[in-house]
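These notes are about the structure you will find just below.
The values are calculated or read from the model by the stated rules, or taken from the named source; none is laboratory data. Note that the structure is predicted; figures quoted are calculated from it, not measured. Methodologically, a virtual Cβ is constructed for each residue, glycine included, from the backbone with ideal geometry; neighbour enumeration extends over all protein chains shown.
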Amino acid sequence: MKTLEFVDGLNTGVRNIDDQHRSLVDMINILIKAQDGESCPETVSFILAEMGKYVYLHFRDEEQFMYDHGFAGLEEHRKVHFSFSEKVDEFTKLYDSGQTDLLIENLNFLSNWLLDHIQGDDQDMVRSILDN
Ligand SMILES: [Fe+2]
């Protein structure tokens, strides 16, 4: 699987959010490389768990940003975040239970979701806040 590239078009214009998105892309790339190489399952499992924690912190910060700016779409956006967090947890549990062959498919899902979310909901949200 090809690693992701954090291109300029993924920036939202909010430094903190963009830095965190870049870190998420980096973490997915570490998992892609770990999977392609021959990292032991414990290593992959550890990185998955770390990514889960980071996703939680990132969503919390992003939701705080929306709250601070009185963003009307906060609840809707929060639900989308929640369903992604659940996916990360589900994929981590599957991996930990020995279904390691699903990792690539699941990483594909997470990658596509993240890039779509950044270029859709996140950029729309920041634009609407900065335009006001
Ligand atoms: Fe978001």
Close pairs from segment 74-95: first in contact (Cβ under 8 Å) with a residue 12 or more places away in the chain and assigned to a helix (DSSP H, G or I), partner among the β-branched types (Val, Ile, Thr) and away from the ligand (no atom under 11 Å from the Cβ), Cβ under 7 Å, at least 6 apart: TYR95/VAL44
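Looking only at residues in segment 78-112 that are among the β-branched types (Val, Ile, Thr) and within 16 Å of the ligand (Cβ to nearest atom), which one is surrounded by the fewest Cβ atoms within 10 Å (Cβ to Cβ)?
Let us first name the residues in segment 78-112 that are among the β-branched types (Val, Ile, Thr), namely 80, 88, 92, 100, 104.
Cutting the leftovers down to within 16 Å of the ligand (Cβ to nearest atom) gives us 80, 88.
Details: VAL80: 16, VAL88: 20.
Taking the candidates together, the pick is VAL80.
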Sole residue being within 22 Å of VAL7 (Cβ to Cβ), out of contact with any strand residue (DSSP E or B) (no Cβ under 6 Å at 6 or more places or on another chain) and away from the ligand (no atom under 11 Å from the Cβ), chosen from ILE32, ILE47: ILE32
Pairs with Cβ under 9 Å, 6+ apart, first in segment 17-37 and in contact (Cβ under 8 Å) with a residue 12 or more places away in the chain and farther than 19 Å from ASN112 by Cβ, second in a helix (DSSP H, G or I) and acidic (Asp, Glu): ILE17/ASP61; ILE17/GLU62; ILE17/ASP122
Residue in segment 107-115 that is part of a loop (DSSP other than H, G, I, E, B), modelled with pLDDT of 95 or more and either at positive phi or not charged (D, E, K, R) (or both) present: no
